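Below is one structure, written out as structure tokens; the observations come after it.
Nothing in this text is a laboratory measurement; each read-out follows from the coordinates by a stated rule. Because the structure is a prediction, the values reported are computed rather than measured. Here the Cβ is made from the backbone with ideal geometry for all residues, glycine too, and neighbour counts use every protein chain on show.
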Amino acid sequence: MLFPTFEFAGFFLLVFIGFWYVFRRARDRKLFLIAASYFFYSLWDWRFSFLLLASTAANYGFAFLIGRSREHLHRKLFLVLAVAANLLFLGFFKYWNFFAQSATGIFGALDLSWSLPALAVVMPVGISFYTFKALSYVFDVYLCKIAPASDPLDVVLYVSFFPQIASGPIVHAADFLPGVEGAVAAGIEPGSKPIAFDRATLLILSGLFKKMVFANFLSTLFVDPVLSDPLSHGTLENLIGALGYSVVMYTDFSGYSEMAIGVALLLGFETPANFNRPYVSFSVTEFWKRWHITFSSWLREYLYFAMGGSRFGKARTLVALFFTMALGGLWHGAALTFLVWGVMQGAALALERGFEYGTKRSPVPWKAVLQVLATFSFTTLSWVVFRAPSLSAAGDWFRGLLNVSVPPARMSPLVAALLVLGLAMQAVPTRARKTAFRWYIALPLPVKAVAVAAALLALGLVSMSGVAPFIYFQF
């Protein structure tokens, strides 16, 4: 069930009414949200729900053992067991065939007759996201950021919460769990905060327009046809196709994140922002502070710091940066393209740290512009590798750049307008957005209702029939 569908609208309406107006006790609301989340998840495949519950139960148990242990050695042992169990769980469903094919190839090169069988394994939706959330709970207990949850239902809700389960944001346990009781008790106990309708409405509308107009139209009309067969297109269209995919990646993923944040907000749950104008970054270091923020912070806090971070000298720091991003690339899937993409990001971060480049933006305007253009160009090239189904397919795009004599065939005024507007989103400063939000809040309620209705009508008129899955659903 995708967010921009009537099916989800009907589902969420029932959840909203049940949460706020039917169930009037905090525990009942908690149970209701868990049931709704498991129902939402089971619509992809009901068997996945048992995997989700098993992952949650195992990580709750590991965190409980860590929390009650007083010996450091015992705590570390339980942590290692938790990480190993999660890696085995994730590795079987996501990486088994990749590992089996690679191992069989190595055995063949060594003239060994051994082989590992390929299995018809169906990857559960959102397995990477909820595994990272479950591990966040274990890590946060181990790092003493939070105590083990006194109510197991809090952890079950945290891992399965339906706005976040398919594609994030990857909210850390230390950020989510302390707010559960306040969210489920809102409107019941005196002094609780009102529903943030205005902010949630604008987030959902923004996410809908990004996905249904920018991402869908650009993908269908231009990006997919060009990048799926780059050798048949000329230099200009291949360059614009790569540029378009950068816009698609941002509008598709940030659109989903904004809808997820808005939906959670309507149920009283605050979610950290996941994007902050990433394409105006002056360095790759800054880019990863603005892109998929909850994922990059997960890598930093639980992987980069575990490798030593910046505590043991520059050489150790550079190694930690490189391997953190290489592993972050593999997190996206069992493909060499993801690994190469992660290596590109890790190498760029290590080079910037080594030459102390990514620390500040140049005070000279034209130099600052060059920094942004250079970072965006690198990011766009890395997205080409990220999107490609294989390294040879990525190479086809670079070879397609040599087709200087092939004239453009798919470019249109609509595609050009969407590209320009999609990139222009990055230029709107945060202050301007906050000012516009204050103006919106000040409007009378009837005017707001008309504006929202007009936006939904316009969206219905211009959007395509059907909704393509979000890009990050495959992870």
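Observations on the structure shown:
- When the listed pairs LYS94/LYS360; LYS76/LYS210; LYS76/LYS211; LYS94/LYS289 are checked against a 32 Å cut-off, the alpha-carbon distance exceeds it for LYS94/LYS360; LYS76/LYS210; LYS76/LYS211.
- Prolate/oblate/rounded call for segment 115-256, Cα gyration tensor, a/c under 1.5 rounded: oblate
- Directionally averaged projected area (segment 132-206, Cα convex hull): 6.1 nm².
- Where only DSSP H runs of four or more residues are counted, the chain gives -20500 deg cm²/dmol as its mean residue ellipticity at 222 nm, each run worth -39500 (n - 2.57).
- The coefficient of translational diffusion for segment 274-342, derived via Stokes-Einstein from the alpha carbon Kirkwood radius under 20 °C and 1.002 mPa s, stands at 170 µm²/s.
- Calculated translational diffusion coefficient of segment 26-184 (10 °C, 1.306 mPa s; Stokes-Einstein with Kirkwood radius over alpha-carbon pairs) equals 93 µm²/s.
- Considering only GluC sites (Glu not before Pro) in DSSP loops that have at most 15 other Cβ atoms within 10 Å, the longest stretch of the chain without any of them is 72-269.
- When you restrict to C-alpha pairs under 8 Å that are six or more residues apart and normalise by the size of segment 26-184, the relative contact order lands at 34 percent.
- In segment 272-410, the alpha-carbon atoms span a convex hull of 151 Å³ per residue.
- Alpha carbon centroid spacing (whole Å) that separates segment 1-64 from segment 442-464: 29 Å
- Percent of C-alpha pairs per 20 Å bin, the chain, short to long: 21, 56, 23, 1
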